[in-house]
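Structure record follows, encoded as structure tokens.
The values are calculated or read from the model by the stated rules, or taken from the named source; none is laboratory data. None of the values given here were measured: they were computed from a predicted structure. No Cβ is skipped: glycine too gets one built from the backbone with ideal geometry, and neighbour counts run over all protein chains shown. To get the accessible areas, we keep the full protein, side chains included, count just its heavy atoms, and leave off ligands, DNA and RNA. Shrake-Rupley method; radii C 1.70, N 1.55, O 1.52, S 1.80 Å.
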Amino acid sequence: IMRNLLMCVALVFPLCLNGCSKDPKERLQGKWGGQTVKQIDESQKAEATTWAQGVRFEFDKNKMTVSLPSDQPRSGDFDIEDVSGDKLTVRVARESGGSDTAALRFEGSKLVWDVGSGREVVMTRVD
């Protein structure tokens, strides 16, 4: 039993190191597309889901581009202000000055954006 346990640890530990070694900024890199909305009233779910499916986030090195339905894409340099487990707060500089923040969290292979009032847009990689 001890030999099997040691073999299991020997096989799993390198995988954990590889998967756990990415910092949050690395994990964000790439393109994310909205799929659905959590915590939405059933009467608004269809419209909200259609809107969510038009949401795109792209993280390219230090730049974040946000594309929302019926709005021009906006890009700016971003920094991660706070990390707590899989939760993070991202601050994005506006080209016109000032900045915006976004509360995000990783949920397995998904990225979840807290849009306020308890509602969340669930995103998956699209690249």
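Structure values in brief
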item	result
Criterion: within 14 Å of the chain's Cα centre (by Cα), β-branched (Val, Ile, Thr), within 18 Å of Lys22 (Cα to Cα) and open to solvent by less than 70 Å² (accessible area, probe 1.4 Å) - qualifying residue of Val66, Val115, Val55, Val90	Val90
Out of Thr89, Thr65, Thr101, sole residue that is part of a strand (DSSP E or B), within 17 Å of Asp127 (Cβ to Cβ) and free of Cβ contacts under 8 Å to residues at least 60 places away in the same chain	Thr65
